[in-house]
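The values are calculated or read from the model by the stated rules, or taken from the named source; none is laboratory data. Only a predicted model underlies this, so the values are computations on that prediction, with no experimental measurement involved. For neighbour counting, all protein chains shown are included, and Cβ atoms are generated from backbone atoms with ideal geometry for every residue, glycine included. The accessibility values were calculated without ligands, DNA or RNA, using every heavy atom of the protein model including side chains. Shrake-Rupley method; radii C 1.70, N 1.55, O 1.52, S 1.80 Å.
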Amino acid sequence: QCQLNGLWRNDQDSLMEISLLRDNGDFQGQYLTRVTLSGGCSQISPLRGAQQQLGEEGWPTFAFTVRWDKFSNATTAFVGQCFVDAGGKETLSTMWLLREAVGSLEEDWKATR
C-alpha cells in the first residue's frame, strides 16, 4: 500500500514533504521548488491536500495545492495517484495546473499553465 507521508523528490529535483497525514485523508506539508517563476533560488511553500481513502489494498488518488506566496503571486493544484512497483518502490504520478494573478479579465487567457 502507498503511504503519502514522507519526503518525495521529482524529476526537476524539487522536494515535497508530507509531514501530517490524518486518518480522514487530509494532509499538509511543504514544497521546496527548484523551479521558480521569478528565476530565483529555491523556495519553501506550504501545501495542503486530501487523499482518497481506500481499504487495505489499492493505490490512492490524491490532490493538493501549493501557495507560492513568498516569491510569486500564483497557486498550483496537483492531482495524482500513488503506485507501488513489484520491488516495493512508491511513485507519485501527478499532473499540475498553475494559476498566476493577472491585472484584468482581458489578460485571463495567459494566467493558467
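Give me a count of the residues in segment 9-29 that are open to solvent by less than 80 Å² (accessible area, probe 1.4 Å) and either in contact with a helix residue (DSSP H, G or I) (Cβ under 8 Å, 6 or more places away or on another chain) or under 13 Å from residue 47 (Cα atoms) (or both).
Restricting attention to segment 9-29, the residues satisfying the condition of being open to solvent by less than 80 Å² (accessible area, probe 1.4 Å) are 10, 13-18, 20-21, 25-29.
Subset that is either in contact with a helix residue (DSSP H, G or I) (Cβ under 8 Å, 6 or more places away or on another chain) or under 13 Å from residue 47 (Cα atoms) (or both): 15-18, 20-21, 26-29.
Qualifying residue count, segment 9-29: 10.
Among the residues of segment 48-74, which ones are part of a strand (DSSP E or B) and at pLDDT below 90? Steps first, please.
So the first thing to find is which residues in segment 48-74 are part of a strand (DSSP E or B), and the list is 48-51, 61-67, 74.
Of everything in segment 48-74, those that are part of a strand (DSSP E or B) and at pLDDT below 90 turn out to be 67, 74.
Within segment 38-67, residues that are over 18 Å from residue 94 (Cβ atoms) have Cβ atoms under 6 Å from residues that are surrounded by fewer than 12 Cβ atoms within 10 Å (Cβ to Cβ) and at pLDDT 65 or above in these pairs: 43/70, counting only partners at least 6 apart in sequence or on another chain. Under the condition of being under 17 Å from residue 15 (Cα atoms) and either among the β-branched types (Val, Ile, Thr) or in contact (Cβ under 8 Å) with a residue 60 or more places away in the chain (or both), the residues counted in segment 76-113 number 7.
Restricting attention to segment 95-113, the residues that are in a strand (DSSP E or B), surrounded by 10 or more Cβ atoms within 10 Å (Cβ to Cβ) and not charged (D, E, K, R) add up to 4.
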